[in-house]
Amino acid sequence: MKKRTLRPLSALILAGFSATASAAAFQLWEQNASGLGNAYAGSAAVADNASTNFFNPAGLTQLPGTQISLGVSAVGPSYRFSNHGSTGANASGPNGGDAGGWAGVPNAYFSQQLSDRLYLGFGISAPFGLATEYTANNWVGANLAVKSEIRTVNYNPSLAYRLNDKVSLGFGLNYQTIDAEMTSALAGGYRVKGDDAGLGWNVGALFTLSPAMRLGVSYRSAVDYRLEGSRTLAGVSRSATADIKLPDTFILSVWQQVSDRWEAMGDLSYTRWNSLDKLLVNYGGATPDTEHFGYKNSWRFAWGAAYRYSDDTKLKFGIAWDRTPVTDAVRSPRVPDNDRLWLSLGGQWKLGQGGRLDVGYSYLYVKDPTVSQNRNGTSLSGRYDASAHILGAQYSLGF
């Protein structure tokens, strides 16, 4: 793939978005830390800081004056492979250690009330990210995968308009960059690397059903890329291209003030991963290199609650079930994903005039993935011990 040179500012920002997958496949829900303690339940309806710009831009109408929100999540997945009868190249090699590892997912948001009805928002975040890397080039599955990395950065200006006291609408544009790299030990060394930028959009609506209940719906479009860079095999490098389409997502959320102390929230999201069937790397050869994904569309369900312990302190709880788009038939060591259960805790503290600090933690129990792949001279068969931890902090200020 013909490698583009990133502009210095874009390269600097991209270096900070070294995200690693936490939600299904390589989608990232960590678009703020304030929702982490609730397992992101109510993501399109809570609208209590400027990060609503990502989940539902219509929520900007809930934010008076000027709002700033800065956050970061540390994501630490673990993927440890156990060999169960693999054959072929490197069959006697090690298991590759832990293919996961810790990475940071930062985000920044801004909102401004322009009038009684019109609101402006802007956000920078990472909607997708992947980082798996095995510790040895001779591990048992090295001919299939050694390093796999996808990094995205999304720039999202938005406008929101309050139609009346009950209904608000929002619309945003998205300029999204992607940087991808895949390596393996095939033929002494295989590497594909490329980048691109694409455009997308997002819309949302927020319905205030009563002073104590809001319903939010939002949609974030797919983004098409043509990656350009290089393909290297056995020391021979060629320019190459590959087309990839990252999926669209629909969210339905509810938030309710149950009592003076308790809030409850729920979330249903649907991501159309079937846009990612396979990746064809065209480099001028007779046939392109093929990475099979075969993803299916997936659902995510979340429920959360918050308890106001005092005027300055709020405690958060959440649980979510995240269905993977990865099927047993095509699961690869690049993305050894499976269904996962989120268990989340968090808190929020008021700091001075208009300031708030949110912290959260989630443990992700991942159903142990199995892999059965036969290609590149390797028949890989085994099971992963998989899990993840997420820690997040966010500071929000309104004035």
Aspartates and glutamates whose Cα lies under 16 Å from that of residue 350, excluding same-chain neighbours fewer than 8 positions away: 48, 311, 312, 358
Fraction of accessible area attributable to carbon and sulfur, segment 155-228 (%, probe 1.4 Å): 67 percent
Residue-normalised accessible area of segment 289-399, expressed per residue, 1.4 Å probe, Å²: 45 Å²
Highest-first arrangement of 168-179, 120-131, where packing means the average Cβ count within 10 Å: 120-131, 168-179
Whole-number accessible area per residue in Å² for segment 70-115, which is evaluated in the context of all protein chains at 1.4 Å: 42 Å²
Segment 127-208 - accessible surface per residue (Å², probe 1.4 Å): 35 Å²
5 angstrom amide H check on residue 379, placed H, neighbours 5+ away: 87, 88, 89
Integer Hz, Karplus 6.51/-1.76/1.60 couplings in order for segment 166-171, x for Gly and Pro: 9, 10, 10, 10, x, 9
Segment 42-146 - percent of accessible surface contributed by carbon and sulfur, probe 1.4 Å: 56 percent
Gyration tensor (alpha-carbon) shape descriptor, the chain, a/c threshold 1.5: prolate
Interchain or long-range residues, amide H under 5 Å from residue 276's placed H: 295
Among 84, 47, 240 - extreme Cα towards positive end, dipole of the chain, charges at beta-carbon: 240
Separation of the residue 98 and residue 341 label points, Cα + 7 Å toward Cβ, nm: 2.2 nm
Calculated from backbone phi, Karplus (6.51, -1.76, 1.60) coupling profile of segment 147-153 in Hz, x at Gly/Pro: 10, 9, 9, 10, 10, 10, 10
Inter-site label distance for residue 238 and residue 312 at 7 Å from Cα along Cβ, in nm: 6.6 nm
Protein accessible area in segment 277-376, 1.4 Å probe - carbon and sulfur %: 56 percent
Qualifying lysines (Cα of each under 28 Å from Cα of residue 245; at least 8 residues distant if same chain): 2, 3, 147, 193, 278, 296, 367
Hits among lysines - C-alpha to C-alpha of residue 166 under 25 Å, sequence gap 8 or more where chains match: none
Extended-chain gain in nm, criterion 0.36 nm per residue less alpha-carbon gap, residue 296 and residue 379: 27.5 nm
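The values are calculated or read from the model by the stated rules, or taken from the named source; none is laboratory data. Keep in mind that what you see is a predicted model, and the values were worked out from it rather than measured. Please note: Cβ atoms are built from the backbone with ideal geometry, for glycine as well, and neighbour counts cover all protein chains shown. Only protein heavy atoms, including side chains, enter the accessible area calculation; ligands, DNA and RNA are left aside. Shrake-Rupley method; radii C 1.70, N 1.55, O 1.52, S 1.80 Å.
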